[in-house]
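Asker: The structure follows.
The values are calculated or read from the model by the stated rules, or taken from the named source; none is laboratory data. These figures come from a predicted structure and were not determined experimentally. Please note: Cβ atoms are built from the backbone with ideal geometry, for glycine as well, and neighbour counts cover all protein chains shown.
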Amino acid sequence: MSPIIVWSIFCAIVVGLAYYATRVAKLNGEESDNDLGLAILEFGKAFPGEAIRSLRATADGKAIFVRLHDGKAGIMKAHKHHNACHLIEPGRVRITPRSDSKGFAAEFFDAPTQSGTFVFKNEQEAAEVSLWLLDNYLTAESAEKPAGTGGAPASAH
């Protein structure tokens with residue numbers, strides 16, 4: 001056999017194995033790990049001053065919720081050929097629970113294109129993201145109340 005034929009067969013085997021490995025990785029869901037890495041990079045580029053604390057992806061991988069260091073939250077949602085990142089302002093989202101407890105519907109007042117129904121792999125992830133959004137809302141509520149009054153108006157004597 002000539003060396004060209006041997007190298008051609010070797011290259012064909014390597015290409016075939018690479019194709020097979022990528023197909024198996026997609027079927028096993030390992031692609032979602034890459035999406036979380038992409039979310040860190042994309043969200044970091046969109047909001048460089050925000051430190052990411054945690055990430056949770058939806059079951060279909062089309063949306064990733066981001067918990068930030070100061071109690072704020074964000075979302076990165078896939079739109080055909082690009083990802084849109086949105087920093088959720090406190091009190092600017094309405095959450096409606098779903099009957100199956102694995103997700104919720106979210107209406108983002110500042111970014112209606114990000115609104116939708118989000119379903120997670122399990123109830124725990126859905127509950128965790130819901131708590132992030134609730135914490136985001138409560139942070140806005142506590143910032144509006146005067147300190148030390150417990151929410152009651154201050155009286156002057």
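Asker: Looking only at region 63-76, filter to residues that are modelled with pLDDT under 90 and among the charged types (D, E, K, R); which one of those is nearest to Phe43 (Cα to Cα)?
Answerer: Selected residue: Lys72.
Asker: Name every residue in region 87-106 that is outside any strand (DSSP E or B) and more than 21 Å from Gly61 (Cβ to Cβ), in order of residue number. Let's see the steps before the verdict.
Answerer: Restricting attention to region 87-106, the residues satisfying the condition of being outside any strand (DSSP E or B) are 89-92, 98-102.
Hits for region 87-106 are Glu89, Pro90, Gly91, Arg92, Ser99.
Asker: I want to confirm something. Restricting to region 95-106 and keeping residues that are at pLDDT below 90 and charged (D, E, K, R), which single residue is surrounded by the most Cβ atoms within 10 Å (Cβ to Cβ)?
Answerer: Checked region 95-106; the qualifying residue surrounded by the most Cβ atoms within 10 Å (Cβ to Cβ) is Arg98.
Asker: When you scan region 26-35, do you find a residue that is part of a helix (DSSP H, G or I) and at pLDDT 85 or above, even just one?
Answerer: So the first thing to find is which residues in region 26-35 are part of a helix (DSSP H, G or I), and the list is 26-28, 31-35.
Imposing the further condition that a residue be at pLDDT 85 or above reduces the set to none.
No: zero hits.
Asker: On to the next question. What pairs come up if the first residue lies in region 102-120 and is free of Cβ contacts under 8 Å to residues at least 24 places away in the same chain, the second is buried (at least 18 other Cβ atoms within 10 Å of the Cβ) and among the acidic types (Asp, Glu), and their beta carbons are under 8 Å apart, counting only those six or more places apart or on different chains?
Answerer: No pair meets every condition.
Asker: Something else now. Among the candidates Ala84, Ala12, single out the residue that is among the hydrophobic types (A, V, I, L, M, F, W, C) and either in a helix (DSSP H, G or I) or at pLDDT below 80 (or both). So that I can check it myself, show each step before the final result.
Answerer: Working: Ala84 fails: either in a helix (DSSP H, G or I) or at pLDDT below 80 (or both).
Step by step, each of Ala84, Ala12 is checked, and only Ala12 is among the hydrophobic types (A, V, I, L, M, F, W, C) and either in a helix (DSSP H, G or I) or at pLDDT below 80 (or both).
Asker: For region 43-69, enumerate the residues that are in a loop (DSSP other than H, G, I, E, B), in contact (Cβ under 8 Å) with a residue 60 or more places away in the chain and either more than 9 Å from the chain's Cα centre (by Cα) or within 11 Å of Trp132 (Cα to Cα) (or both). Steps first, please.
Answerer: Taking region 43-69 and keeping what is in a loop (DSSP other than H, G, I, E, B), we get 47-51, 58-62, 69.
Then keep just the ones that are in contact (Cβ under 8 Å) with a residue 60 or more places away in the chain; that gives 58-59.
Once the filter is applied, which keeps residues that are in a loop (DSSP other than H, G, I, E, B), in contact (Cβ under 8 Å) with a residue 60 or more places away in the chain and either more than 9 Å from the chain's Cα centre (by Cα) or within 11 Å of Trp132 (Cα to Cα) (or both), region 43-69 yields only Ala59.
Asker: Considering every residue within region 107-127, establish whether at least one is modelled with pLDDT of 90 or more, aliphatic (A, V, I, L, M) and in a helix (DSSP H, G or I).
Answerer: Looking through region 107-127, at least one residue is modelled with pLDDT of 90 or more, aliphatic (A, V, I, L, M) and in a helix (DSSP H, G or I).
Asker: Sticking with this structure for a sec: What's the total number of residues in region 75-101 that are under 20 Å from Leu38 (Cα atoms) and either in contact (Cβ under 8 Å) with a residue 24 or more places away in the chain or touching a strand residue (DSSP E or B) at 6+ places or on another chain (Cβ under 9 Å) (or both)? Let's see the steps before the verdict.
Answerer: So the first thing to find is which residues in region 75-101 are under 20 Å from Leu38 (Cα atoms), and the list is 75-88.
From the residues that got through so far, the ones that are either in contact (Cβ under 8 Å) with a residue 24 or more places away in the chain or touching a strand residue (DSSP E or B) at 6+ places or on another chain (Cβ under 9 Å) (or both) too are 75-79, 83-88.
Total meeting the criteria: 11.
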